[in-house]
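The values are calculated or read from the model by the stated rules, or taken from the named source; none is laboratory data. All values reported here derive from a predicted model rather than from experimental measurement. Ideal geometry is used to build each Cβ from the backbone, glycine not excepted, and the neighbour counts take in all protein chains shown.
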Amino acid sequence: MMWVGYLALALAIGFENLGTTALKGSQGLKKPALVAISVLGYVLSFLAMGQALARLPLGLTYALWSGLGIMLVTLLGVVIYGERFNRRSALGLALIIGGILLTNLSVQSGAPGIGLK
């Protein structure tokens, strides 16, 4: 049931971004409520990521988690904290999208590789 893996991955990305966004808002761990939300977000992300990795290839999972996570946290930084977004940021995100697509295509192609299983 690969869809469960993708659902768990989406939850892991969402919870990780919740944790990161709350950590930024805690202003150096000075706001206990946001620190608690941050810790909860990271713990839930870790649990969901474990479920995703049980069902999806490692390279694809990590590429999606890190790439989509970077894109989402960049958007949250702009919207919530008024952080800058410029052409260099856009180019960086475009390159991340390209990397995710290439990783996904290499996993789907079934290219032979060195496996530990």
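Which of the residues that make up segment 15-30 are free of Cβ contacts under 8 Å to residues at least 12 places away in the same chain and assigned to a helix (DSSP H, G or I)? So that I can check it myself, show each step before the final result.
Residues of segment 15-30 that are free of Cβ contacts under 8 Å to residues at least 12 places away in the same chain, as a first pass: 27-30.
If the condition is that a residue be free of Cβ contacts under 8 Å to residues at least 12 places away in the same chain and assigned to a helix (DSSP H, G or I), then no residue fits.
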Qualifying positions in segment 81-99 - of a type outside the set (Gly, Ala, Ser) and within 18 Å of the chain's Cα centre (by Cα): Leu93, Leu95, Ile96, Ile97
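Checking the condition at pLDDT 95 or above, touching a helix residue (DSSP H, G or I) at 6+ places or on another chain (Cβ under 8 Å) and not in a loop (DSSP other than H, G, I, E, B), which residue from Ala33, Ala63, Ala48 passes?
Numbers: Ala33 fails: touching a helix residue (DSSP H, G or I) at 6+ places or on another chain (Cβ under 8 Å); Ala63 fails: at pLDDT 95 or above.
Residue meeting the stated conditions: Ala48.
Can you name every residue in segment 66-97 that is of a type in the set (S, T, N, Q) and in a helix (DSSP H, G or I)? Show your work before the answer.
Within segment 66-97, the subset of a type in the set (S, T, N, Q) is 66, 74, 86, 89.
Ser66, Thr74, Ser89, listed by residue number.
Scanning segment 36-53 for residues that are buried (at least 18 other Cβ atoms within 10 Å of the Cβ) and more than 17 Å from Met71 (Cα to Cα), which turns out farthest from the chain's Cα centre (by Cα)? Spell out how you get there, then give the answer.
At the first step, the residues of segment 36-53 found to be buried (at least 18 other Cβ atoms within 10 Å of the Cβ) are 37-38, 41, 45, 48-49, 52.
Next, only the ones that are more than 17 Å from Met71 (Cα to Cα) stay: 37-38, 41, 48-49, 52.
Numbers: Ile37: 17, Ser38: 15, Gly41: 12, Ala48: 11, Met49: 10, Ala52: 12 Å.
Result: Ile37.
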Index of the failed condition, Leu72 passing every other in (1) surrounded by 13 or more Cβ atoms within 10 Å (Cβ to Cβ); (2) free of Cβ contacts under 8 Å to residues at least 24 places away in the same chain: (2)
